[in-house]
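Chemist: Quick one: the structure is below, and I'll ask about it shortly.
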Amino acid sequence: MEKPESNFEQELDNQSRLKAIIDTAIDGIITIDAHGIVETVNPAAARIFGYHPEEIIGNNIKMLMPEPDKSQHDQYIENYHRTGIGKIIGKGREVIGLKKDGTKFPFLLSISEVKLKNKQIFTGIVHDITNLKRAEEALRESENKINSIIQAAVDGIITIDSGGIMEMVNPAAAKLFGYQAEELLGKSINMLMPEPDKSRHDGYMHNYETTGKKKIIGIGREVTGLRKDGSTFPFFLSVSEARVQGRRLYTGFVHDITKQKLNEERLRRYAAELERSNMELQDFAYVSSHDLQEPLRKIQAFGDRLMMKEKENLSEQGKDYVDRMLNAASRMQNLINDLLSFSRLTTQSKPFVQVNLDQVVSEVLSDLEISIEKTHAEIIRSPLPTIEADPTQMRQLFQNLISNAIKFRKENENPVINIYAKHHQKKAHLTATPGDEVTQIYIEDNGIGFDEKYLDRIFNIFQRLEGQKYEGSGIGLAICRKIAIRHGGDITANSQAGVGTRFIITLALKQPKLEQIPAL
């Protein structure tokens, strides 16, 4: 039988195990006496400080400390013995160590106190955190770089939480919306949106959180922003999603596209005007070679005949020649005057101002009062908007269209004219650029109407579907279209012969300022 181990042998075995654990520990373990003299140093502690254990044992622990800790350490131990108040014993903290080669490094130090029968010792556990601190510094440097990029970015950058609350706003974003960054932090992102987006945003966020269906996240689109002063502007918004410590964060990148949208609107209007001008030039060439030449040829022919006769002794036939010549001259004069009026629409146009279209219509109806009473015309009106426009041209527009509705009435039937408007937004979320929002004015009548196959002709100069039956030169609707195009819109019609006509005039609510439209 094996003899049981004695208590002494068991103690030796325990000490051997304890020594093996200490010697193989990754962290450094150092014991000192009550005066700070090192009694034991495990291999890890010696390696951390760059010494052999025998170079440390027997020396004051302060040899491993840089200033000012080195000079203060003895006083610290003395104060602890006197008061029992420790700054680090039983607590632990991050401190700086001094290696043999003079370099300094950070480590976590935890100290425990052990009271034996005849002595007091302190054990320090040293955990080198040099790599951790380097990683933290690298992360901090990376964060600083990212923050510098965000702060210096030309485009706006805003981060919100899943509730739409702004957590980060860079200077560019604050400037775009006319705020200081601190005025936005902690507030809902919908304060930067005009209606209806403002009211819809919370619902969109909730819908995305519950269904995962994206409308803009990871996609991007053009939207309208609301500045602090109440003005709006267009921007391209792209949103990315990230999870940080279990939270969803959304980062929006705001790129102002005001100049781009103004240029697009400018080019759109220029193209429409250019197309219309080209058609007018073709029409003018046709008119110049036909309609204008006809009265001239008559004047010349009858003038030649008069020159061959005695002016003082005109016969009845001669008088007829004179009458016909005068009529042709009068027609020629009317054509020329109307053509001049048409050409002056752009060259003599006035700046755009706020124009109440209801008031314009009231003034036009007042001017047409005699015609309305004479024909027993019934005028049905609904409210019209206020827009940026040339007031004189608006009056020309309504004067031509309403007088046409009265003129081209059916025999033995009183004219009924209905005037109303509808608001139209060309593209959802865009309202800031002139041309984004338009009003469509409808002028309906119960007149003679026309076959819609002639729709393209009626807006060309000197085109008259009814020949000489009705007075006029056929230039009125051409003037209306030119006015509509200048105001960012156009004009068209729906009609049926014998039933009536509906004219639809599109006009932009806002017009670009002169400084917003550089010359081509």
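Chemist: Please specify each residue of the stretch 417-433 satisfying the condition of being within 18 Å of MET193 (Cα to Cα) and outside any strand (DSSP E or B). Talk me through it step by step, then tell me what you get.
Modeler: Here is the first cut: in the stretch 417-433, the residues within 18 Å of MET193 (Cα to Cα) are 425, 427-433.
Within the stretch 417-433, LYS427, ALA428, HIS429, LEU430, THR431, ALA432, THR433 meet the criteria.
Chemist: Now a separate question. Within the group GLU182, GLU167, GLU241, which residue is free of Cβ contacts under 8 Å to residues at least 12 places away in the same chain and farther than 25 Å from LYS261 by Cβ? Step through it out loud before you land on a result.
Modeler: Numbers: GLU167 fails: free of Cβ contacts under 8 Å to residues at least 12 places away in the same chain; GLU241 fails: free of Cβ contacts under 8 Å to residues at least 12 places away in the same chain.
Going through GLU182, GLU167, GLU241 in turn, just one is free of Cβ contacts under 8 Å to residues at least 12 places away in the same chain and farther than 25 Å from LYS261 by Cβ: GLU182.
Chemist: Taking only pairs six or more apart or across chains, which ones have beta-carbon atoms under 9 Å, a first residue in the stretch 350-366 that is charged (D, E, K, R), and a second residue that is assigned to a loop (DSSP other than H, G, I, E, B)?
Modeler: The qualifying pairs are LYS350/ASP390; ASP358/PRO383; ASP358/LEU384; ASP358/PRO385.
Chemist: While we're looking at this one, here's another question. Only one of (1) more than 16 Å from ALA405 (Cβ to Cβ); (2) modelled with pLDDT under 60; (3) surrounded by fewer than 16 Cβ atoms within 10 Å (Cβ to Cβ) is not met by ASP451, so which one is it?
Modeler: Going through the list (1) more than 16 Å from ALA405 (Cβ to Cβ); (2) modelled with pLDDT under 60; (3) surrounded by fewer than 16 Cβ atoms within 10 Å (Cβ to Cβ), ASP451 breaks only (2).
Chemist: Return the pair list, or none, for Cβ contacts closer than 7 Å from residues in the stretch 401-417 that are touching a residue at least 40 places away in the same chain (Cβ under 8 Å) to residues that are buried (at least 18 other Cβ atoms within 10 Å of the Cβ) and in a helix (DSSP H, G or I), at least 6 apart or on different chains.
Modeler: Sorted first by the residue in the stretch 401-417, then by its partner, the pairs are LEU401/CYS480; ILE402/VAL364; ASN404/GLY476; PRO415/ALA405; PRO415/ILE406; ILE417/ILE402; ILE417/ALA405.
Table: residues versus (1) in contact (Cβ under 8 Å) with a residue 60 or more places away in the chain; (2) exposed (fewer than 10 other Cβ atoms within 10 Å of the Cβ); (3) closer than 20 Å to ALA25 by Cα; (4) not assigned by TED's automatic domain parsing to the domain that holds ILE26.
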site	(1), (2), (3), (4)
ILE89	no, no, no, no
GLY92	no, no, yes, no
GLY97	no, no, yes, no
ASP101	no, yes, no, no
PHE105	no, no, yes, no
LYS117	no, yes, no, no
THR123	yes, no, yes, no
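Chemist: Follow-up question, since we're still on this one. Out of all the residues in the stretch 218-235, is one or more in the same structural domain as SER162 (by TED's automatic domain parsing), loosely packed, with under 15 Cβ neighbours inside 10 Å, among the basic types (Lys, Arg) and more than 15 Å from LEU430 (Cα to Cα)?
Modeler: yes
Chemist: Ok, one more. Restrict the check to the stretch 222-236 and report whether at least one residue is in contact (Cβ under 8 Å) with a residue 60 or more places away in the chain and more than 13 Å from the chain's Cα centre (by Cα).
Modeler: There is no residue in the stretch 222-236 that is in contact (Cβ under 8 Å) with a residue 60 or more places away in the chain and more than 13 Å from the chain's Cα centre (by Cα).
The values are calculated or read from the model by the stated rules, or taken from the named source; none is laboratory data. Note that the structure is predicted; figures quoted are calculated from it, not measured. A quick note on method: Cβ atoms are made from the backbone with ideal geometry, for glycine too, and the neighbour counts reach across all protein chains shown.
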